[in-house]
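Here's the structure we're looking at; comments come further down.
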Amino acid sequence: RVEKVSGSTAGLALMMVLGSLLATVHQPHATMCGLLVQLASQLCEVLQCTLMQHFLQRLGFEAWDAGYYLSPAIAACCLLPSLILEWPHVIANHNVGLLFRQVPLLLLSGSIGIVVNFSAMLVIKFTSSLLAKLLVIARSAFLVLIFIAYGEDFTWLQVVGYIVTLGAFAAYSLLRSREMEQEQQAPPAVQTAAEDSPLGQGPMDSDDDRSVLYSPTSSVQAMKEQFPDLTSAMFWFAICVVAAGAYQAAVVGDLPSCGYGMFHRELTALPPLAVPSVGIPPTPYLEPITAGTRALKENPVDGSGGVHTAGALSVETRAKVLYLEDGRFLLHSRSTRRLHLAHRSPKTLLTSSWIISSKQFGTVYLSSLDNQGSMYWLTCDLALVPDATEACLLWMTASTWRQWRPSDDGKGEYIFRRQGDQDRFLAATGSGVTWSRKATPIRVDNWLPEACPLVGMSASPKRYEDALGEVTFTMTTFFQVYARSIMFRQALSSVFSHLQEQHLYVKEFLVINDWYAGRSLDFNGILKGPDVEETRREMLAFFPGCVGMSVVEAHARPKDQDCTFIFKGRAERGQPKALNILLDLMTTKFWIHFEDDHVFYQDVYISWLLAPIYDDPRACWGHSRGSKDEDAGCLKIAGVRLGAERGLDGIEAEDTFKVKDYRVPDVLWDDEYVKELLEHGGSDDDASHGWGKFQGVGAVWPLFSLRPMLHNLTYIKSLQAPLFYGGRPGRFCEEDNITVWESGGKTYRWKWNIELEFGVRWARSGATLATLSPGACMRDVSNGISSFEQSSEYRW
């Protein structure tokens, strides 16, 4: 027997239970299954409290001892079901990073849990398990009554039940305290050996015997002799579960980048957002004012009862930029979480992006995005916080009534006022913003990457008859890392969407896909992704109308087939083979080449890409081709780079092009120098080799690269054959080990400098290239760079 309970105290305890039953009798969602589960949980809790009292009082342990034995076991029992039932879904939805971002709150919650558990153990130690259980019931009833006092919905039966519970608890506490006083004043009774000796060793004759038998040390030793000590095992099991979760998060890439190169990306589930809406400010859908009211007559379409619906009350715009007339943008900093006004920098991303949210037309919240996938809300202190509840409600309206109709450039001007304060407008002050009585008009436009001007390129006013149907667009793809398959969908979709004048100039789209063995590398970092045939079926399913075929079949494709996916086999693996296959298949004069991770964000006009080749008076293309003086004094413009300069203010740039005045360095005619250049990848500054630093020689990397560019295909097919390894004229070298170098006793081979070798031949034939302003607004979404960018700068 753990505790002696009198009839009166037992009756009061039952009265508390009766009060709780009265409070819950009107639960709308009570089911028999739920009641049985609740009853089972209560029985388990009673058993746990009783065993705890036996552990602390009869065996003489302290609360700290209970924590030592129970904490690892509880952690293991909680983590094991979580590992089976929850972690697979958490990892699949890329939510592991959320757990690690909440570590401070988890530590705080755990600390509070420790305090609560030790408090319960101390109550059981010095009073009883029954009192500890009744304390929980009374605490819950008291909290509910507080919530009711602050406006929580209730029924009077609930109130009566909770009052009965608290009254019975007060009476129980008073009665129990009197009983304990009487027990202390009464003479000690003679106890039987079975009652007094927890280890069954007979009556205790002395205090020494009692101290030994009730000693925690002896009790622990006895327990160790009877049962194996599982505490250490459960402790390390819990540690291993947490470590396994961290490892899985690291493999998935779901941990925030720590800056030490361990993890390079972060995949998290999208946060819940409001419904997208059109208009500035965003316009809520349907009828927010009359929501819940009844219409005059029933809806004849669907027969509904005529109740006005709320529709989508919370709406938001797509990402926007806010900027002033002088070209400065409202920027936000992740490190300081403050606002400032400055020109956009191409080296940053998403620092100028804003989301405008609204629940009622004309009143908005501003939130910012950053390149870590986080969202911060603008407060009335003009700071950025992650808590949306602290966002400042703003009144947003046009600067004048005429601005509700956008100006000729399509941009409207708006002012922001703090809601509820007639004299506080958002205003510019130096390089920052503040609240002022005079508003600063702010322009709003769609966000584009900071490297792009808001106003993109325009079409050439000329129509180049000679180039009609003479452009082939190609893309090389390789999906052994399955994420690149998704990048490819985005890349090719952006081409179809933003490459303008296709119907005039583009003959066909050729996408070549490399072969790989086995399964692809999936998002969780294991080789369980789709195999090559499955990814190819996905390609065709995502772009209906495009035709997939082998390399042999592609050579016999119909002339009117304008979108072809070329599927390579095992023997045709490799980037140089892919490029040579494309060169063999193309029959046009011009060639636009992409890799599978380049994405357009603005419209790109093919006529503007052709303009330098046709309109520059020095271009050889404008001469009478085939004449003897074709090459005399003219420029061979062999390419036009798609990405180029933007306007200084990041808003717009004049439509111009510039042909680079490039002359091939004499040293590139020296085969011995070129061999050493290829062996070191064009980026080695080691002065120990015979030529010294490549940069000092003046010929590091020619102009050619496989970055997105419009190529003069006629010029490319006229180039000489590969210099040292054999091959056909106008084709890429297929030697795997062009670049070989030694470092630290190890030999390294880098096959991708087929690009550099091709560039040497490209430069030797006397070509140059042109750049555009503005260029195409585009981005490499994989953050990868071509070998052209391996050197520390573009050294032309």
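Read the figures in this text as sums done on the coordinates, not as results from a lab. Note that the structure is predicted; figures quoted are calculated from it, not measured. Because the Cβ atoms are built from the backbone with ideal geometry, glycine has one as well, and the counts that use them run over all protein chains shown.
Quick notes on this structure:
- Model label sites at Glu325 and Ala171, defined 7 Å from Cα along the beta-carbon direction, differ in position by 8.0 nm.
- The H on the amide N of Gly730, modeled in the peptide plane, is under 5 Å from the matching H of Leu719, Gln720, Ala721, each at least 5 residues off or on a different chain.
- Taken along the Cα-to-beta-carbon direction at a fixed 7 Å, the label points for Leu14 and Leu540 span 7.7 nm.
- Packing-based ranking, highest mean first, of 341-348, 576-583 given that Cβ atoms within 10 Å are counted: 576-583, 341-348
- For segment 335-385, radius of gyration divided by Kirkwood radius, i.e. Rg to Rh on alpha-carbons: 0.98
- Inter-label distance for Ala342 and Ile84, nm, one decimal - labels placed 7 Å from Cα along Cα-to-Cβ: 5.5
- Cα-based shape type of segment 565-625, given that a ≥ b ≥ c are square roots of the gyration tensor eigenvalues and the cut on a/c is 1.5: oblate
- For Val481, the amide hydrogen comes within under 5 Å of the amide hydrogens of Leu521, counting only partners 5 or more places away or on other chains and with H modelled in the peptide plane.
- Links that overshoot a 28 Å alpha carbon limit, given the list Lys507/Lys528; Lys559/Lys660; Lys462/Lys658; Lys347/Lys507; Lys462/Lys568: Lys507/Lys528; Lys559/Lys660; Lys347/Lys507; Lys462/Lys568
- In this structure, the amide hydrogen of Thr363, modeled 1.01 Å from its nitrogen in the peptide plane, lies closer than 5 angstrom to those of Met396, counting only residues at least 5 positions away or on a different chain.
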